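The values are calculated or read from the model by the stated rules, or taken from the named source; none is laboratory data. Predicted, not measured: the structure shown is a model, and the values here were computed from it. When we count neighbours, we look across all protein chains shown, and the Cβ atoms used for this are built from the backbone with ideal geometry, even at glycine.
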Amino acid sequence: MMATALKRTSVRDGVSEAEWALRVDLAAAYRLVALYGWDDLIFTHLSARVDGPEHHFLINPYSMMFEEITASSLVKIDVDGNKVSDTPAPVNRAGFVIHSAIHAAREDAVAVLHLHTPQGQAVSAMAEGLLPHTQTAMIAGHDVAYHDFEGIATELDERERLVADLGTRNAMILRNHGTLTVGASVPEAFMRMYFLERACQAQIMMLSAGRENLNNPNQGVAEKVEQQSSGAGMAMLAQQLAWPALLRKLDRIDPGFRD
């Protein structure tokens, strides 16, 4: 069972119903990242944009493990990473450089997820990037962009290059760094991350057996899978099917993320 979250005063009565629902989804995403072993101590971030003209975002307090995150413990910040909610929780402003760039540039990027998993970092260090040798890689790969490593992302001028490299795609391999996905909702961004991380994991396992006996998919198959997995299908799969099931899973394990 996951560790019980630190006790926090509930903010439910002080926010809109829409923001509370967003907080619950984002807290669930943090717990799921921990559950699947994708977390990196207190590092990396999952963020979500609060609806409204203020351009406010929710992000993790820079002191809690992902398995401790709750809807109320999420910190509301502005586009520069400054806290706008009354909370003593610290925020890693440098960690928001990547997220703020994408949120600001992409109106459809309601949620931005960024991870440092071993398998994601391993693929990010490979010159060829993600290989189209598994069904999962073909589902994820056509929507993946690449961004070269420039050092720890603390320089604001990197944001322009990051946004240009992402373009209109919804997933990115940050070379020598990790993985990133965006979505019009938290469930959508999480589903994309699930496919991307599974594809990276399979690639590392596949290559551990050597390259000489790899089976290359037939010509045109990757393009067929792209057509089959593009469009509104991802949003439907995430929000109507997979996400409700994932929330039920969390509720069975530890419903404290809803606090």
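Within segment 213-236, is even one residue of a type outside the set (Ser, Thr, Tyr), under 29 Å from ALA18 (Cβ atoms), touching an Asp or Glu at 6+ places or on another chain (Cβ under 9 Å) and surrounded by 12 or more Cβ atoms within 10 Å (Cβ to Cβ)?
Looking only at segment 213-236, we keep the residues that are of a type outside the set (Ser, Thr, Tyr), and these are 213-228, 231-236.
Retained after the next criterion (residues that are under 29 Å from ALA18 (Cβ atoms)): 231-236.
Checking the rest, the ones that are also touching an Asp or Glu at 6+ places or on another chain (Cβ under 9 Å) come to 234-235.
If we keep only those that are surrounded by 12 or more Cβ atoms within 10 Å (Cβ to Cβ) too, we end up with 234-235.
Within segment 213-236, one or more residues are of a type outside the set (Ser, Thr, Tyr), under 29 Å from ALA18 (Cβ atoms), touching an Asp or Glu at 6+ places or on another chain (Cβ under 9 Å) and surrounded by 12 or more Cβ atoms within 10 Å (Cβ to Cβ).
Remark: pairs (first residue in segment 61-84, in contact (Cβ under 8 Å) with a residue 24 or more places away in the chain; second residue part of a loop (DSSP other than H, G, I, E, B) and among the hydroxyl-bearing types (Ser, Thr, Tyr); Cβ separation under 6 Å; 6+ apart in sequence or on different chains) = PRO61/SER73; SER72/SER10; LYS76/SER85. If only residues of segment 84-98 that are of a type in the set (A, V, I, L, M), modelled with pLDDT under 85 and within 18 Å of the chain's Cα centre (by Cα) are counted, the one that is farthest from LEU113 (Cα to Cα) is ALA94.
Give the residues of segment 110-120 that are crowded, with 19+ Cβ neighbours inside 10 Å and outside any loop (DSSP other than H, G, I, E, B), sorted by residue number. Result: ALA111, VAL112, LEU113, HIS114, LEU115, GLN119, GLY120.
Across segment 124-160, the qualifying residues are those that are under 18 Å from GLY95 (Cβ atoms) and in a helix (DSSP H, G or I), and the one among them that is modelled with the highest pLDDT is SER124. Just so you know, in segment 99-123 the residues that are of a type in the set (S, T, N, Q) and at pLDDT 95 or above include one that is nearest to ASP51 (Cα to Cα), and it is THR117. Of everything listed in (1) under 24 Å from GLU107 (Cα atoms); (2) surrounded by 15 or more Cβ atoms within 10 Å (Cβ to Cβ); (3) not small (Gly, Ala, Ser), the single unmet condition for GLN201 is (1).
Quick check on segment 181-195. Is at least one of its residues among the charged types (D, E, K, R), over 17 Å from GLY37 (Cα atoms) and either in contact with a Lys or Arg (Cβ under 7 Å, 6 or more places away or on another chain) or outside any helix (DSSP H, G or I) (or both)?
Going residue by residue through segment 181-195, those that are among the charged types (D, E, K, R) are 188, 192.
From the residues that got through so far, the ones that are over 17 Å from GLY37 (Cα atoms) too are 188.
Pick out the ones that are also either in contact with a Lys or Arg (Cβ under 7 Å, 6 or more places away or on another chain) or outside any helix (DSSP H, G or I) (or both) and you get none.
Scanning segment 181-195 turns up no residue that is among the charged types (D, E, K, R), over 17 Å from GLY37 (Cα atoms) and either in contact with a Lys or Arg (Cβ under 7 Å, 6 or more places away or on another chain) or outside any helix (DSSP H, G or I) (or both).
From the list SER16, SER73, the one residue that fits, being over 22 Å from LEU196 (Cα atoms), exposed (fewer than 14 other Cβ atoms within 10 Å of the Cβ) and at pLDDT 90 or above, is SER16.
I'd like to check something: does segment 119-141 contain any residue that is within 15 Å of LEU46 (Cα to Cα) and touching a His at 6+ places or on another chain (Cβ under 9 Å)?
Narrowing segment 119-141 to residues within 15 Å of LEU46 (Cα to Cα): none.
Checked against the condition, which is being within 15 Å of LEU46 (Cα to Cα) and touching a His at 6+ places or on another chain (Cβ under 9 Å), segment 119-141 yields no hits at all.
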